Amino acid sequence: MQKQETIQVKDKTFAISIPELELKQQIKRVADEITRDYAGRQPVFLAVLNGSFIFAADLLREIDLPCEISFVKLASYQGTNSTGSIREVIGLNIDITDRPVIIVEDIVDTGLTMAHMLDTLKGHNPASIDICTLLLKPTKLQVKLDIRYCCKEIPDDFVVGFGLDYDGFGRNTKDIYTIIQNQ
Ligand code: 5GP
């Protein structure tokens, strides 16, 4: 898609806020940190679908380590026993027992999705779990989360592009756009 200062996604207008070049620079910085921190190990990257597919593709190509990747989703459903809601990681086709795991997420907002993901993955007995997110809204965090790798902190505004959607649309831009308020 062509670079534009503003875009229309369905009924909303968005203005460019993080250009492609800055995204690439921040992703390279984080990838270099991971490559350094994980030297001598073979991490498993778990990219959380759908929003992280572009970030994961760019991040992985900057990682200079032997590594694997799996694309996962967190699903909740009502169990038949009294424990109520059961959470499951769908798409986990690699045995992560005793492996170092790096979760690749598009954006951490309240942090509840990541907290649930951590809880569920711990049941698979990985050696360690780190979180790597493209974006973080620090003012929205509702739970205590140790986010080891973050490309960029942003204000509490809704963003689209670079894999992130508004109602299914807007993922296919090279830059990230922020919603224009008062629409
Ligand atoms: P959390 O559980 O941290 O509140 O929410 C995380 C999920 O909410 C993200 O994976 C993403 O799907 C969605 N989300 C949160 N903020 C935004 C945003 O500004 N834009 C988009 N497109 N999705 C968001």
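The table that follows gives values for the structure above.
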quantity	calculated
Counted residues, the range 75-97 - those being within 16 Å of the ligand (Cβ to nearest atom) and either modelled with pLDDT of 95 or more or of a type in the set (A, V, I, L, M) (or both)	3
Condition check for residue 109: in contact with a Lys or Arg (Cβ under 8 Å, 6 or more places away or on another chain), surrounded by 15 or more Cβ atoms within 10 Å (Cβ to Cβ) and more than 22 Å from residue 74 (Cβ to Cβ)	no
Residue check, residue 143 crowded, with 18+ Cβ neighbours inside 10 Å and in contact with a helix residue (DSSP H, G or I) (Cβ under 9 Å, 6 or more places away or on another chain)	no
Whichever residue in the range 98-140 is of a type in the set (Asp, Glu) and within 14 Å of the ligand (Cβ to nearest atom) and, among such residues, is farthest from residue 163 (Cα to Cα)	119
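Quick grid of which residues meet (1) over 15 Å from the mean Cα position of the chain (by Cα); (2) over 27 Å from residue 12 (Cα atoms):
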| site | (1), (2) |
| --- | --- |
| 59 | no, yes |
| 100 | yes, yes |
| 114 | no, yes |
| 123 | yes, yes |
| 126 | yes, yes |
| 146 | no, yes |
| 149 | no, yes |
| 153 | no, no |
| 161 | no, no |
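The values are calculated or read from the model by the stated rules, or taken from the named source; none is laboratory data. None of the values given here were measured: they were computed from a predicted structure. Note: ideal-geometry Cβ built from the backbone for every residue, glycine included; neighbour counts use all protein chains shown.
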